[in-house]
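The structure appears below as C-alpha cells.
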Amino acid sequence: MVVRVLVRIKNEENNRSITLRVLVNGGAESDEPIVVVSPREAEMLGISMDELDIVEVELASGYTHSYITRHTYIVELLDNEGNTLSCIRAKLAIDRYLTEPLITDATIDELGIMVISFKKGLWRHKNDPPDRVRQSA
C-alpha cells in the first residue's frame, strides 16, 4: 500500500472544482507546489491549452515533457469526512500518460502531510496530535 490523500482543487475563475484521491509521491520533486493531473481532470476544471506552458520533466528513466499551468489553483487537503485540513495554492501539471493523480514533495510539505509509513499507507497532518494516525484514502 502507499499513501494517498483526498484533495479538492478549485478554479476560482469559473467556480469549478474536483475532488481527487492523489498519490503522495515524495520522489516527485518540484521547486513549488504542483499537482499532476490527467487531461480529463484539467478539462473538468475548465483549463484550456492556451493557459499552459510546456516544461521538461526529469524522471528516473529519463526526460519527458509535460504541460504546466501559468496560474495557481486552490488545493485543499481533506479528511475522510470532507473537512479541510489545510489549503495552499499550487500549479497543475497535465500529463497525458498519467495513471493516477499525484502531488510532489513541495506540495506534500506545504499541505502539512507527514508520512508515517509509505508501506502501510499511514500518515498524519502537521496539526494532528502525535498519537493521531490516518489511513491512506
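The values are calculated or read from the model by the stated rules, or taken from the named source; none is laboratory data. Being a predicted model, the structure only gives us computed values, none of them experimental. Virtual Cβ from ideal backbone geometry, glycine too; neighbours counted across all protein chains shown. The protein model used for the area step is the full one, side chains on, heavy atoms only, and it has no ligands, DNA or RNA in it. Shrake-Rupley method; radii C 1.70, N 1.55, O 1.52, S 1.80 Å.
Summary table
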read-out: Any strands (runs of 3 or more DSSP E) falling wholly within segment 28-124 and containing at least 1 residues that are of a type in the set (D, E, K, R) and open to solvent by less than 50 Å² (accessible area, probe 1.4 Å); value: 73-78, 84-94
read-out: Unique match (being under 21 Å from His71 (Cβ atoms) and of a type in the set (Val, Ile, Thr)) among Ile116, Ile88; value: Ile88
read-out: Residue match in segment 18-26 (condition: in contact (Cβ under 8 Å) with a residue 24 or more places away in the chain, farther than 30 Å from Lys120 by Cβ, in a strand (DSSP E or B) and open to solvent by 50 Å² or more (accessible area, probe 1.4 Å)); value: no
